[in-house]
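Report on the structure given below.
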Amino acid sequence: MASKKVIRVLSALLLALFVGYRPMPVRAQVTTCDPLDPAADCDNDGIPNGTDTCNNLDPAADCDSDGVPNGNDTCNNLDPLADCDNDGIPNGSDTCNNLDAAADCDGDGVANGVDQCPATIEGGDLVIGDITLSGFGDTILPTGCSLAESLATTIQACAGVTPGTQAALKKPKGGPNGKPGKPGPGGPGNTGTPKNHGQFVSCVAHATNVLKKAKVITGQQKGEIMSAAAQADIP
């Protein structure tokens, strides 16, 4: 009888164990980085904690000192291979930040923030067809564009050419100082393709008349431009 009682008691204990069993959840092992470990690199910026002076994981910090907090920054100015100002020059060899409105990266005396021609090459020539006219690039206009750049945009408009990289230069609409020019074949603002060479020359003549009256160009410069336009195989 005693042995039967023992068996019953053991059976009851086993049943209670199985009924009350709950599997323990398996927890993934989380690897943490010790910020006090000088050899670790907790913010993954390539600088060990021991010599790192800025935490890239802090969204309020500005670790590359570009004025943009880490939380909103899309480009690391400390990365020598990146090109944070999109000027085609990697950070490692770039000497001027085109995104700095107060800087003057093309050295034309006009700050980036108001410069409409951020890559002006002072002294550049004016090319019309196969003819190169020198001296027009020496004058820098208040827009930050050289006279050569602005005239090139006007010539392209007269030729009915959609401006490319250069013509992203913004020329005054209609005439200098924002004054509207007289519309018509060859007038400033006429972007239609000229039907013949005569219409192209007429366009250039009208545009240069406006510029001469505004004292943007001299009579001699107007003559040089008209001579080149007459000889150019345009359109």
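The values are calculated or read from the model by the stated rules, or taken from the named source; none is laboratory data. Every value quoted in this text rests on a predicted model; they were computed, and no experiment measured them. Note that each Cβ is placed from the backbone with ideal geometry, even for glycine, and that neighbours are counted across all protein chains shown.
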Practice problem: Please go through the stretch 139-155 and pick out each residue that is in contact with a Gly (Cβ under 7 Å, 6 or more places away or on another chain) and part of a loop (DSSP other than H, G, I, E, B). | Solution: none
Practice problem: For the stretch 108-138, enumerate the residues that are hydroxyl-bearing (Ser, Thr, Tyr), in a loop (DSSP other than H, G, I, E, B) and surrounded by fewer than 16 Cβ atoms within 10 Å (Cβ to Cβ). | Solution: Ser134
Quiz prompt | Which listed residue, of Asp58, Asp87, is farther than 22 Å from Asp106 by Cα and of a type outside the set (A, V, I, L, M) | solution = Asp58
Quiz prompt | Residues that are hydrophobic (A, V, I, L, M, F, W, C) and either outside any loop (DSSP other than H, G, I, E, B) or in contact with a Cys (Cβ under 7 Å, 6 or more places away or on another chain) (or both), drawn from the stretch 208-235 | solution = Val210, Leu211, Ile225, Met226, Ala228, Ala229, Ala230
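Just to check your reading of the model, which residue among Leu10, Leu17 is at pLDDT below 90 and loosely packed, with under 10 Cβ neighbours inside 10 Å?
Leu17
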Quiz prompt | Residue selected from the stretch 66-80 under the condition out of contact with any Cys (no Cβ under 9 Å at 6 or more places or on another chain) and more than 14 Å from Asp45 (Cα to Cα), by the criterion surrounded by the most Cβ atoms within 10 Å (Cβ to Cβ) | solution = Pro69
